[in-house]
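Read the structure below first, then the notes.
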Protein chains: 2
Amino acid sequence: GGRGPVNIEEMAAAIRAGNRTALARGITLIESTRPDHQEQAQALLAVLLEKTGKAVRIGLSGAPGVGKSTFTEALGSYLTGQGLKIAVLAIDPSSARTGGSILGDKTRMEELARDPNAFIRPSPSSGTLGGVARRTREAMLLCEAAGFDVVLIETVGVGQSETAVADMVDMFVLLLSPGGGDELQGIKRGIMELADLVVVNKADGDLLPAAKRAAIEYKTALHLMRPKSQHWLPEVRLASALKGEGLAEIWDTVCRYEEIMKETGTLEAQRADQALAWMWNELREGMMETLRTHQGTKSRLKALEGEVAAGKTTPTAAARSLLALLLRD
Amino acid sequence: GGRGPVNIEEMAAAIRAGNRTALARGITLIESTRPDHQEQAQALLAVLLEKTGKAVRIGLSGAPGVGKSTFTEALGSYLTGQGLKIAVLAIDPSSARTGGSILGDKTRMEELARDPNAFIRPSPSSGTLGGVARRTREAMLLCEAAGFDVVLIETVGVGQSETAVADMVDMFVLLLSPGGGDELQGIKRGIMELADLVVVNKADGDLLPAAKRAAIEYKTALHLMRPKSQHWLPEVRLASALKGEGLAEIWDTVCRYEEIMKETGTLEAQRADQALAWMWNELREGMMETLRTHQGTKSRLKALEGEVAAGKTTPTAAARSLLALLLRD
């Protein structure tokens, strides 16, 4: 049984026509680890590549409990209400380990999931951060080819997944709660440095005064950091995802950012840099993978690792002998 | 003219006998970029490797103006006064660019430089951070083979050189001035996180009260961070390099640290991890270097970089075609 061979041209045409089943199947192809699927996925991307690049690419991060799903649903519904099409993807390299996953529980975005102008796809559920990031980035390209105006990529506020997301989007948004200074202690400084926009969520009811104070604190913290671009100083906005407040201002900020980045040529340069950095990552990982799996080096690598750890061979000598072995045949 | 071919066995014997000229020539061999020199350097290290590993390896960092040279000289003289032999190396990847260099100006450590039980070597003055770090690490091994009890590796308080140093020493010491909180703002949080010991220098005269206040602030900041080891909480000490005060307490702390790390097996594990990480770095860099210089891939790489930057090829497809090219022949 099973489906017949994939017709890449047909699938590409269906994706371009906005067919969601074709889009979902295309992403499944991208996520597959089967070599033949990977080849088909690359062929699909090659066909669609010239149709990509038109979406606003937004990254969204925040610690668990800050209300990321509620915020995404509120912003997504606001945008579809404005006649825009939004795709929501995710990067959560821990999902394979923990079983849980951001966006995995679709009921958390019930309303948006039913919206015909929204497309939600959970994080690829296996692989290294690098692998998960590659597949999400390629899924983003498919969403662009399918005509989505906005691609929002969620990630959890832990570890290095923020950097991976920041490296594939135009604008990185950090969602914080009204906890203020106390919370700031828990957020890695490096993650604050990635933010083009900080949104203080839960700015409603009892928490409104605290949210306002937190916004001032975050603004001060941001101003102590070196801005990522000479054309944009990171901004801080208040929002209540629960009540749907602050969304227009946030979207306005995103559009203003995108416009400035486009006008100054920064957006194009940033996307070119991101693509090149991605290529070098792929090269690096591909080479390391070859080293680990290549018949000629696999056993020698293991032996040399033991010698290096025991201080019987210098790391440099070990590396040289492995490279000679790999590149000879 | 020039020197005849290097006799590795003779040089190794002279280094083991503590001959400083031989040690300096060995390090020069390590620093050379000539392929034949590099091969000789690896041969020298292979001979000496079993005589390495006995020194206490200390990293020292601090912003310009904090008094690193004066502190190093004071600590070095204190240690030679205790009958110990100390080697001082440096990592400053900017020295090639700026012409200036830490330890380059030997007059800054006049007394220590004349001390027969001290050996001072400035930073390798060219190459990437990775290259400079490798050569310093290998110079450290030669110093150990030459019988030095302590190897202190200095670096400037900017960029990623701290991480490179922390990755090759047993203990990372951060030298700070009595500026306190104001200064803390300027220090990257990541660098504080590397510290096993913080020394507040210039704790003398007018500055003593400020130094004491700063020490409390730094202690608080350190306790907010996750400790690197379950066996050691980073400590804060006061010192006056100018007056030679606090050195005995600092050395006592270093010895206590080293003892705990040894007893718990942490030191051995840490050194093994460092060596393995170093080997993987060498592999990574060696492979990237091959990719850039290999006749079969050089021109194709350039063309593909252009296509990827222009969005005409996906990074994944470009990487795959380059890897196929490199590993085929």
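The values are calculated or read from the model by the stated rules, or taken from the named source; none is laboratory data. As the structure is a computational prediction, the values presented were derived from the model and not from experiment. Don't worry about glycine lacking a Cβ; one is built from the backbone with ideal geometry, like all the others, and counts go over all protein chains shown.
Quick notes
- The residues of the stretch B:74-116 that are assigned to a helix (DSSP H, G or I), surrounded by 21 or more Cβ atoms within 10 Å (Cβ to Cβ) and modelled with pLDDT of 95 or more, listed by number, are B:Ala74, B:Leu75, B:Gly76, B:Leu79.
- Filter pass, A:Ala319 being modelled with pLDDT under 90, assigned to a helix (DSSP H, G or I) and not aromatic (Phe, Trp, Tyr): no
- Selection status of A:Leu322, more than 7 Å from chain B (Cβ to nearest Cβ), under 24 Å from B:Gln38 (Cβ atoms), surrounded by 13 or more Cβ atoms within 10 Å (Cβ to Cβ) and touching a residue at least 24 places away in the same chain (Cβ under 8 Å): no
- Sole exception among (1) under 25 Å from the mean Cα position of the chain (by Cα); (2) buried (at least 18 other Cβ atoms within 10 Å of the Cβ) for A:Ala214, by number: (1)
- On inspection, A:Thr28 fails the criterion of being in a helix (DSSP H, G or I), within 20 Å of the chain's Cα centre (by Cα), closer than 28 Å to A:Gln160 by Cβ and touching a residue at least 24 places away in the same chain (Cβ under 8 Å).
- One residue stands out among those in the stretch B:137-176 that are more than 27 Å from B:Lys202 (Cβ to Cβ) and touching a strand residue (DSSP E or B) at 6+ places or on another chain (Cβ under 8 Å): the one that is surrounded by the fewest Cβ atoms within 10 Å (Cβ to Cβ), which is B:Asp149.
- Within the stretch B:242-262, restricting attention to residues that are under 30 Å from A:Ala317 (Cα atoms) and among the charged types (D, E, K, R), the residue that is farthest from the other protein chains (Cβ to nearest Cβ) is B:Glu258.
- Residues in the stretch A:242-259 that are in contact with a strand residue (DSSP E or B) (Cβ under 6 Å, 6 or more places away or on another chain), at negative phi and part of a loop (DSSP other than H, G, I, E, B): 0 in all.
- Condition check for B:Lys54 on (1) buried (at least 24 other Cβ atoms within 10 Å of the Cβ); (2) closer than 26 Å to B:Ala13 by Cα: one failure, at (1).
- Yes/no for A:Ala248 being within 24 Å of the chain's Cα centre (by Cα), closer than 30 Å to B:Glu305 by Cα, surrounded by fewer than 18 Cβ atoms within 10 Å (Cβ to Cβ) and among the aliphatic types (A, V, I, L, M): no
- Of all residues in the stretch A:256-311, those that are among the small types (Gly, Ala, Ser) and buried (at least 18 other Cβ atoms within 10 Å of the Cβ) total 3.
- Taking (1) modelled with pLDDT under 90; (2) within 19 Å of B:Thr70 (Cα to Cα) in turn, B:Lys188 satisfies each apart from (2).
- Residue within the stretch A:32-55 that is at pLDDT 95 or above and away from chain B (no Cβ under 14 Å) present: no
- Subset tally (residues that are out of contact with any Leu (no Cβ under 9 Å at 6 or more places or on another chain) and in contact (Cβ under 8 Å) with a residue 40 or more places away in the chain) for the stretch A:256-284: 7
- Qualifying residue in the stretch A:285-301 (condition: touching a residue at least 12 places away in the same chain (Cβ under 8 Å), under 21 Å from the mean Cα position of the chain (by Cα) and within 14 Å of another protein chain (Cβ to nearest Cβ)): yes
- Of all residues in the stretch B:31-66 being aliphatic (A, V, I, L, M) and closer than 30 Å to B:Val200 by Cα, the one that is farthest from the chain's Cα centre (by Cα): B:Val66
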